[in-house]
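Colleague: Below: one structure in structure tokens.
A short reminder: the numbers here are calculations on the coordinates, not readings from a lab. Here the structure is a predicted model, which is why all the values come from computation and not from measurement. All Cβ positions, glycine included, derive from the backbone under ideal geometry; neighbour counts span all protein chains shown.
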Amino acid sequence: MKPTDIKRLQKRSRVMRVTRVTPTTLVVYSRSNPQLQHIVTIEWDRRAGIRARCTCPWAQHGGAACSHVLAALNFLAAEKHRTISFWLNADDARRQKHRVLTLRAGDGDVFITSRPADDEKAS
């Protein structure tokens, strides 16, 4: 299942705490229960595609692009001084005139645009 309100998830994901365990594995702490942690694994393919898995209930029942995955991707982007945004269709993503990546989500893809972080523009 692909999320229907990606912008709400994107907003929630930006305030989640993330810790890197390995280059492809991250721990995302739950907003609703700080004692709860979700493991997110991320893999990249050669065609700018991203596959991500999460241990949260939404993902375990077939959901894709949960807020934990978005938080992990935000964390990785910030390490490279980038800001990312998420889109449900390719046309909306391409209209942003930034690099477009694809998050492979079972029944439909989620699109990611990447741009330099605001602090990069100021320099």
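Colleague: Is it possible to state the helix-based mean residue ellipticity at 222 nm for the chain, with each DSSP H run of 4+ residues giving -39500 (n - 2.57), the sum divided by total residues, to the nearest 500 deg cm²/dmol? What is it?
Modeller: When only DSSP H runs of four or more count, the value is -7000 deg cm²/dmol.
Colleague: Next question. Tell me, what HN-Hα J-couplings in whole Hz come from the Karplus equation 6.51 cos²θ - 1.76 cosθ + 1.60 at θ = phi - 60° for each residue of region 71-88, using x for Gly and Pro?
Modeller: Here the 3J(HN,Hα) series is 5, 5, 5, 4, 4, 5, 5, 4, 4, 9, 6, 10, 10, 10, 10, 10, 9, 8 Hz.
Colleague: Mind telling me which of 109, 45, 92 comes out most flexible in a GNM of the chain, alpha-carbon contacts under 10 Å?
Modeller: In this elastic network of the chain, the residue with the biggest mean-square fluctuation among 109, 45, 92 is 45.
Colleague: Please work out the C-alpha center-to-center distance from region 3-28 to region 75-116 and express it in whole Å.
Modeller: 14 Å
Colleague: Same structure again: By average Cβ neighbour count within 10 Å, what is the ranking of 17-26, 68-77 from highest down?
Modeller: Peptide ranking by packing, descending: 68-77, 17-26.
Colleague: Consider the candidate values (i) 21; (ii) 30; (iii) 49; state which one is percent of Cα pairs over 24 Å apart computed from the structure displayed.
Modeller: Here the calculated entry is (i).
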